[in-house]
Amino acid sequence: MADHPRFKFSIAATDGKARTGTLAMRRGEIRTPAFMPVGTAATVKAMKPADVRASGADIILGNTYHLMLRPGAERIARLGGLHQFMGWERPILTDSGGYQVMSLSELSRLSEEGVTFASHLDGSRHMLSPERSMEVQTLLGSDIVMAFDQLIKTTESRDAQVVAMERSMRWARRSREAFDALGNEGALFGIQQGGLDEGLRQASAAALTGIGFDGYAVGGLAVGEGQEAMFACLDYAPGQLPEDRPRYLMGVGKPDDIVGAVERGIDMFDCVLPTRSGRTGQAFTRDGPLNIRNAKFAEDEAPLDPDSPTAPWSKAYLHHLVRSGEILGAMLMTEHNLWFYQRLMQELRAAIAEGRLAAYAAAFRDRYKGPAVS
């Protein structure tokens with residue numbers, strides 16, 4: 001399909017399956033591979049928009065479900081749209097709300113029409129359908145709109161995976177039709193489903209490409225299947241999607257998850273981990289994550305990283321702030337983590353462009369100690 005008039009994806013270099021390039025949009029360029037900080041409720045928690053941008057982020061993520069409940073998509077539209085509302089002038093991608101279909105399943109009822117649910121805030125009843133999801137994302141002014149889908153855990157039976165995938169494809173077509181009818185000025189991404197089943201993933205990819213989207217997401221991963229199983233799926237899933245479109249792995253992840261996914265052809269990522277971890281005292285470093293709350297840092301005069309924007313402050317000071325529950329602790333730890341993630345993306349882009357990704361990834365994994373907190 002032709003490029004969207006306000007959306008152009010170009011690949012500058014490849015290294016194996018990995019690609020580096022640019023997404024050109026009306027509100028700015030997005031360098032890929034890209035990591036999108038999560039701003040679920042119109043804010044990247046503990047960060048000002050200018051500081052998010054200073055970390056190196058080209059795009060952030062917002063959430064349809066949460067924003068439609070509070071403060072309301074119609075209210076945000078009356079106030080000039082999400083960008084003006086939160087003071088972020090660059091691109092925003094909005095999640096369709098499909099994740100909440102799974103995570104809030106005890107509050108919802110699923111049908112072919114969509115999902116009827118009780119608000120987790122006040123119990124009020126709402127319907128989220130492909131059409132309503134497109135309407136909400138259009139009201140928000142999202143630059144990249146996600147099709148509405150049904151996400152289920154990879155541990156569900158194959159029969160359940162078939163039902164969810166096929167419904168997601170029907171909803172994808174309805175999302176496309178509703179998006180076009182609204183005259184949305186953003187781009188629309190479809191979401192591949194199918195669990196860990198290669199055949200279902202292929203069927204999903206074929207259905208999505210038949211409909212036609214500006215970009216494609218690999219959905220339904222990072223929901224408890226573990227890194228080995230996720231990578232096994234990513235060995236084939238990205239290659240089932242159009243090569244000339246961006247590929248977005250939703251909800252991932254840990255730094256070593258990202259490196260492995262980039263090697264397998266993924267271009268875009270989002271995850272709450274760097275911000276959530278920052279608020280709970282975990283910092284990401286080249287030597288793996290560390291828990292700044294630990295007593296061994298109480299008199300540590302070294303910074304988290306000499307290049308970090310938090311380098312003027314010692315681990316001892318950060319330890320004190322976090323242990324004392326001071327707001328500045330959450331702010332500085334989050335700022336560091338977002339900087340670490342964006343530096344990782346910058347280094348991955350450079351390694352792909354210079355044809356040395358395999359060596360970079362091996363060195364990164366050798367030094368990075370994985371998910372264990374020290």
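Can you give me the long-range amide H partners of Met36? Hydrogens built in the peptide plane at 1.01 Å from N, cutoff under 5 Å, separation of 5 or more residues or another chain.
Sorted by chain and number, the residues that satisfy this are Phe269, Asp270, Cys271.
What length, rounded to one decimal in nm, is gained on full extension from Ala229 through to Val272, with 0.36 nm per residue of separation minus their alpha-carbon distance? Show your work: numbers first, answer last.
Numbers: separation 43, 0.36 × 43 = 15.48 nm, distance 2.09 nm.
13.4 nm is the gain from fully extending Ala229 to Val272.
Net charge near Ala203, counting Lys/Arg +1 and Asp/Glu -1 over other residues with Cβ under 11 Å of its Cβ? Mind showing how you got there, number by number?
Numbers: positive: Arg201; negative: Glu166, Asp197, Glu198.
It works out to a net charge of -2.
When the Karplus curve 6.51 cos²θ - 1.76 cosθ + 1.60 is applied with θ = phi - 60°, which whole-Hz ³J(HN,Hα) does each residue of region 145-162 get, with x for Gly and Pro?
Coupling constants for region 145-162: 9, 9, 4, 7, 9, 10, 9, 10, 5, 5, 7, 5, 5, 4, 4, 5, 5, 4 Hz.
Set the bar at 28 Å for Cα to Cα. Now go through Lys48/Lys369; Lys254/Lys296; Lys48/Lys254; Lys8/Lys45; Lys45/Lys315; Lys48/Lys315 and name every pair that lies beyond it.
On the way: Lys48/Lys369 30 Å; Lys254/Lys296 24 Å; Lys48/Lys254 23 Å; Lys8/Lys45 30 Å; Lys45/Lys315 21 Å; Lys48/Lys315 23 Å.
Lys48/Lys369; Lys8/Lys45, as the Cα separations exceed 28 Å there.
Rounded to two decimals, what ratio of Rg to Rh does the chain give with C-alpha atoms and a Kirkwood Rh?
Working: Rg = 20.2 Å, Rh = 21.1 Å.
For the chain, the value is 0.96.
Considering region 71-160, what Rg and Dmax in Å follow from its alpha-carbon atoms?
Answer for region 71-160, Rg first and Dmax second: 14.6, 45 Å.
Neighbour counts of other C-beta atoms within 10 Å: give me Arg158, Arg19, Arg176 arranged from fewest to most.
Values: Arg158 13, Arg19 23, Arg176 19.
Ranked by crowding around the Cβ, least crowded first: Arg158, Arg176, Arg19.
Give a quick list of GluC sites (Glu not before Pro) in region 322-356 that DSSP marks as loop, anything other than H, G, I, E or B, with at most 14 other Cβ atoms within 10 Å.
Working: sites: Glu326, Glu335, Glu347, Glu354; in loops: Glu326, Glu354.
Here the sparse-neighbourhood loop sites are Glu326, Glu354.
For Glu29 and Ala353 in the same chain, what is the full-extension length gain: residue separation times 0.36 nm, less their Cα-Cα distance, in nm?
Numbers: separation 324, 0.36 × 324 = 116.64 nm, distance 1.75 nm.
The span from Glu29 to Ala353 would gain 114.9 nm if fully extended.
What number, rounded to the nearest 500 deg cm²/dmol, is the helix-based mean residue ellipticity at 222 nm of the chain, given -39500 (n - 2.57) per DSSP H run of at least four residues and division by all its residues?
Numbers: 14 runs with 151 residues, N = 374.
Computed mean residue ellipticity for the chain: -12000 deg cm²/dmol.
Put +1 on the Cβ of each Lys and Arg and -1 on the Cβ of each Asp and Glu in region 7-271; which of Gly56, Thr32, Met230 then has its Cα farthest toward the positive end of the dipole?
So the residue furthest toward the plus end is Gly56.
Given a Förster distance of 45 angstrom, what is the FRET efficiency for Glu198 paired with Arg323, based on the Cβ-Cβ distance and rounded to 0.05?
On the way: r = 48 Å, r/R0 = 1.06.
About 0.40, to the nearest 0.05.
Show me 247-259, 47-59 ranked by packing, highest mean number of other Cβ atoms within 10 Å first. Intermediate values should be presented prior to the final figure.
Numbers: 247-259: 23.4, 47-59: 18.8.
Highest to lowest by the protection proxy: 247-259, 47-59.
A short reminder: the numbers here are calculations on the coordinates, not readings from a lab. Since this is a predicted model, take the numbers as computed values, not measurements. Please note: Cβ atoms are built from the backbone with ideal geometry, for glycine as well, and neighbour counts cover all protein chains shown.
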